[in-house]
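Structure, as structure tokens:
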Amino acid sequence: MTRTRFAPSPTGYLHIGGARTALYCWAFAKKLGGSFVLRVEDTDQERSTQASVQAILDGMRWLGLDYEGPYFQMKRLESYQRVVDVLLKSGHAYPCYASKEELDEMREGQRARHEKPRYDGRWRPENAKHLGLTPSVGVKPVIRFRNPDDGEVAWNDLVKGPICIQNSELDDLVIMRADGIPTYNFGVVVDDIDMKMTHVIRGDDHVNNTPRQINIYRALGETLPQFGHVPMILGPDGERLSKRHGAVSVMQYSEEGFLPEALVNYLARLGWSHGDEEKFSAEQLIEWFDFEHISRSPARFDGEKLKWLNQQYLKQADDTRLAALTHPFLEKMGCNVDEGPDLSRVVGLLKSRVNTLIELAQAAEYFYRNPNAPEDLKLLHYGATIKPALVQLLGHLESIDWERGFINTAIKSVITEHKIKMPQLAMPLRLMVTGTVHTPSIDVTLELLGREVVLSRMRSQLAVFPL
Ligand code: GLU
């Protein structure tokens with residue numbers, strides 16, 4: 001059965017690059033009816049935090065990526081110890097007592113000789129014997145993996161194609177620290193074996209680790225999973241995407257008012273394609289996903305395209321759902337939503353005009369709070385000549401049935417009577433009741449605002465007319 005995994009280190013937020021890799025792994029496992037595992041690689045005790053674990057879990061849930069797990073490496077220390085013992089016994093690993101000062105000195109010497117800095121293998125048992133090294137009393141050693149000296153490591157990368165590295169390029173890496181905590185390259189192999197991973201898909205910043213990991217698989221006599229390394233996401237300037245470029249954390253997109261399906265679609269398409277399709281659902285991604293169409297070159301993040309997609313999804317979203325999502329943004333702005341008109345009708349009216357939920361909340365603000373029209377717009381639209389028409393409209397609005405058709409008729413009759421054009425009346429009217437001249441059709445807007453609100457806003461603005 002196909003098994004894939006996402007293995008983030010909980011040392012910050014859930015980065016959208018990581019989320020994209022997770023999405024590919026998830027879609028691939030789903031497509032083949034397999035499992036997608038979440039494994040938290042929390043062995044860096046200094047940098048791992050509970051808040052970051054939570055951010056990862058929140059991000060996965062928000063994006064709708066369901067998983068088996070989560071498993072935590074720090075809860076699996078016994079497994080790593082067990083495998084270290086196997087490797088020690090078979091001679092594929094050995095204790096190394098070299099101190100930090102000694103290693104620094106070794107590297108400095110290599111640099112001075114213009115050699116590549118690498119561990120020189122001095123604690124390999126035969127070398128230690130030859131050099132007469134003896135373990136210092138009371139010092140706990142690290143465990144190093146004895147990398148093969150000759151030959152090569154080759155694999156056919158699912159994204160990058162054939163890759164081959166000479167073993168002579170690799171040194172004996174530390175697989176377990178003195179405190180019994182595994183290093184990344186070892187923990188990941190033990191876990192991927194124990195968790196029966198069939199495909200290891202990750203960012204291509206790990207490409208250099210893969211040959212080391214393959215050697216450990218071989219030493220253990222285990223079959224290899226398939227490896228695939230996905231290119232990084234770059235910012236618009238071609239540098240690796242970072243905070244400098246704007247939001248990089250998944251949850252920040254939630255806070256900025258993006259819909260999860262828009263981010264999922266955007267991330268999926270960023271670096272992978274299915275013909276010319278730009279807008280597709282998670283279900284379609286599952287159906288179409290393959291490794292052949294992952295781009296081999298890094299993709300550039302394009303915030304405008306994400307906004308465009310978000311707009312497409314906002315337009316088609318269910319009004320009740322949108323109301324629930326917009327509610328907290330309005331409350332945060334200090335609006336009391338429960339005292340105004342039905343929010344689902346309001347968002348239904350406005351959703352096609354905005355790019356994000358924040359913009360939706362801002363567009364909805366005048367339904368829940370008296371607006372402040374900008375002075376320059378008032379100067380432009382609050383002219384003395386239009387006042388009588390507005391006063392007359394106010395009179396009509398006091399008595400008609402409150403329904404868009406009657407509101408519309410009232411407006412039209414005033415226009416005819418005063419021989420003016422629609423915008424001459426509608427612009428100041430919009431400004432008086434909404435604080436802006438950009439609103440959906442005025443009759444629906446007034447209907448939704450409700451008679452009391454409309455009349456009171458008109459009255460208070462007419463009191464300052466003309467400016
Ligand atoms: N913990 C590693 C990371 O966050 C996982 C890499 C992998 O998938 O093997 O980069």
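The values are calculated or read from the model by the stated rules, or taken from the named source; none is laboratory data. This structure is a prediction, so every number in the text was calculated from the model and none was measured. When we count neighbours, we look across all protein chains shown, and the Cβ atoms used for this are built from the backbone with ideal geometry, even at glycine. Accessible surface areas use protein heavy atoms only, side chains included; no ligands, DNA or RNA. Shrake-Rupley method; radii C 1.70, N 1.55, O 1.52, S 1.80 Å.
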Quiz item: Using the alpha-carbon atoms, what tilt in degrees (0 to 90, nearest 10) does helix 184-194 show relative to the longest principal axis of the chain?
Solution: 90 degrees
Quiz item: Given +1 on the Cβ of Lys and Arg, -1 on the Cβ of Asp and Glu, and no further charges, what dipole in debye does the stretch 352-467 carry about its Cα centre, rounded to the nearest 20?
Solution: 260 debye
Quiz item: Quick one: Cα centre-to-centre distance for the stretch 16-43 and the stretch 71-143, in angstrom?
Solution: 33 Å
Quiz item: At what distance in angstrom do the alpha carbon centres of the stretch 171-212 and the stretch 313-384 lie from each other?
Solution: 50 Å
Quiz prompt | For q = 0.18, 0.19, 0.22, 0.23 Å⁻¹, Debye-computed log10 I/I(0) when each Cα of the stretch 1-111 counts as one equal scatterer | solution = -0.94, -0.97, -1.10, -1.15
Quiz item: In terms of modelled amide H atoms, which long-range or inter-chain residues lie less than 5 Å from the amide H of TRP272?
Solution: SER295
Self-check item: Estimated translational D of the stretch 142-215 in µm²/s (Stokes, Kirkwood radius over Cα pairs; 10 °C; 1.306 mPa s)
Solution: 120 µm²/s
Exercise. Give the accessible surface of the chain per residue, rounded to a whole number of Å², with probe radius 1.4 Å and ligands, DNA and RNA excluded.
Key: 48 Å²
Quiz item: Which ³J(HN,Hα) values, rounded to whole Hz and listed in residue order, are derived for the stretch 262-272 from phi using the Karplus coefficients 6.51, -1.76 and 1.60 in 6.51 cos²θ - 1.76 cosθ + 1.60 with θ = phi - 60°, glycine and proline given as x?
Solution: 6, 5, 4, 4, 4, 5, 4, 6, 6, x, 8
Exercise. Please find the FRET efficiency linking SER281 to HIS396, where r is the Cβ-Cβ separation and R0 is fixed at 45 Å, and quote it to the nearest 0.05.
Key: 0.40
Quiz prompt | Potential lengthening between LEU133 and ASP149 on full extension [0.36 nm per residue; Cα-Cα distance subtracted] | solution = 3.6 nm
Quiz item: Which lysines, on any chain, are close to LYS30 with Cα under 19 Å apart, when same-chain ones fewer than 8 places away are left out?
Solution: LYS196
Self-check item: Reachable lysines, given that their alpha-carbon falls under 26 Å from the alpha-carbon of LYS307 and they are not under 8 places away in the same chain
Solution: LYS243, LYS279, LYS315, LYS332, LYS351
Practice problem: For LYS378, go through the lysines and keep the ones whose alpha-carbon is under 16 Å away, minus same-chain ones fewer than eight residues off. | Solution: LYS387
Exercise. For the stretch 361-462, run through the GluC sites (Glu not before Pro) and keep only the ones in DSSP coil with at most 15 other Cβ atoms within 10 Å of their Cβ.
Key: GLU403
Quiz item: If all Cα-Cα distances of the stretch 50-194 are sorted into 5 Å bins from 0 onward, what percent lands in each bin, rounded to whole numbers?
Solution: 2, 8, 13, 16, 17, 14, 12, 9, 6, 3, 1, 0
Quiz item: For the stretch 95-248, which whole percent of the accessible surface, found with a 1.4 angstrom probe, sits on carbon and sulfur atoms?
Solution: 51 percent
Quiz item: Between SER297, HIS229, LEU429, whose Cα lies farthest towards the positive end of the dipole of the chain when Lys and Arg beta carbons carry +1 and Asp and Glu beta carbons carry -1, centred on the Cα centre?
Solution: LEU429
Quiz item: How big is the charge dipole of the chain about its Cα centre, in debye rounded to the nearest 20, if each Lys and Arg gets +1 on its Cβ and each Asp and Glu gets -1 on its Cβ?
Solution: 380 debye
Self-check item: the stretch 306-375, Cα convex hull volume normalised per residue, Å³
Solution: 90 Å³
Quiz item: Is it possible to state the helix-based mean residue ellipticity at 222 nm for the chain, with each DSSP H run of 4+ residues giving -39500 (n - 2.57), the sum divided by total residues, to the nearest 500 deg cm²/dmol? What is it?
Solution: -14000 deg cm²/dmol
Quiz item: Whole-Å semi-axes of the stretch 224-299's equivalent ellipsoid, largest first, each the root of 5 times a Cα gyration tensor eigenvalue?
Solution: 22, 18, 12
Quiz item: Magnitude of the Cβ-charge dipole of the stretch 22-104, K/R +1 and D/E -1, about the Cα centre, nearest 20 debye?
Solution: 480 debye
Self-check item: Alpha carbon convex hull of the chain, projected area averaged over orientations, nm²
Solution: 30.0 nm²
Quiz item: What trypsin sites (Lys or Arg not before Pro) does the stretch 417-467 have in DSSP loop regions with at most 10 other beta carbons within 10 Å?
Solution: LYS419, LYS421
Quiz prompt | the stretch 160-258, Cα convex hull volume normalised per residue, Å³ | solution = 184 Å³
